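Below: one structure, written as structure tokens.
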Amino acid sequence: MKIFLFSLLLVSVATVVLCAEVYPDKYDSIDLDEILSNQRLYQKYFDCVMGKGKCTPDGTELKDKIPEALQNECAKCSEKQKKGAEKVLRFLITEKKDDFKLLEEKFDPEGKYRKKFGELKKKIEEGKPVTV
């Protein structure tokens, strides 16, 4: 009986782990460095996210997932996606401050995430390592 209960518990845990909802990884191979270092590419993605330009399929996916990722603190992000988010945040906060403010206004008009992520932003501004 103990073996049966242990097996049932193991199957239940495995099912929960395997069924855990995560963001798709089909765009994880996109070269973020290329986008961030190329003003034309960067601007296309930025305009897409801001709702001011055409979106590529990966841009649409990004724009659609930002509100949820903010809300759940990137809980559905893979490690690679978290590292990518940190890279983009670091770039925006240090290199594109005006764009970062526009994104804050669009995705956080009430300021609730700014309060939550204020420490993260401060660390980035100070050049310290962060974990998204």
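The values are calculated or read from the model by the stated rules, or taken from the named source; none is laboratory data. For clarity, every value in this text was computed on a predicted model and none was experimentally measured. All Cβ positions, even for glycine, are placed from backbone atoms using ideal geometry, and neighbour counts span all protein chains on display.
For this structure, a couple of remarks:
Condition check ((1) in contact (Cβ under 8 Å) with a residue 24 or more places away in the chain; (2) among the basic types (Lys, Arg)) across all residues:
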| position | (1), (2) |
| --- | --- |
| Lys83 | yes, yes |
| Lys87 | yes, yes |
| Ile93 | yes, no |
| Phe100 | no, no |
| Glu104 | no, no |
| Pro109 | no, no |
| Tyr113 | yes, no |
| Lys116 | yes, yes |
| Leu120 | yes, no |
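- Among all positions in segment 100-110, there is at least one residue which is assigned to a helix (DSSP H, G or I), aromatic (Phe, Trp, Tyr), out of contact with any strand residue (DSSP E or B) (no Cβ under 9 Å at 6 or more places or on another chain) and at pLDDT below 95.
- Scanning segment 83-99 for residues that are under 14 Å from the mean Cα position of the chain (by Cα) and surrounded by 16 or more Cβ atoms within 10 Å (Cβ to Cβ) yields a total of 8.
- Members of segment 34-65 found to be surrounded by fewer than 15 Cβ atoms within 10 Å (Cβ to Cβ) and either in a loop (DSSP other than H, G, I, E, B) or not charged (D, E, K, R) (or both), listed by number: Ser37, Asn38, Gln39, Leu41, Gln43, Gly51, Lys52, Gly53, Lys54, Thr56, Pro57, Thr60
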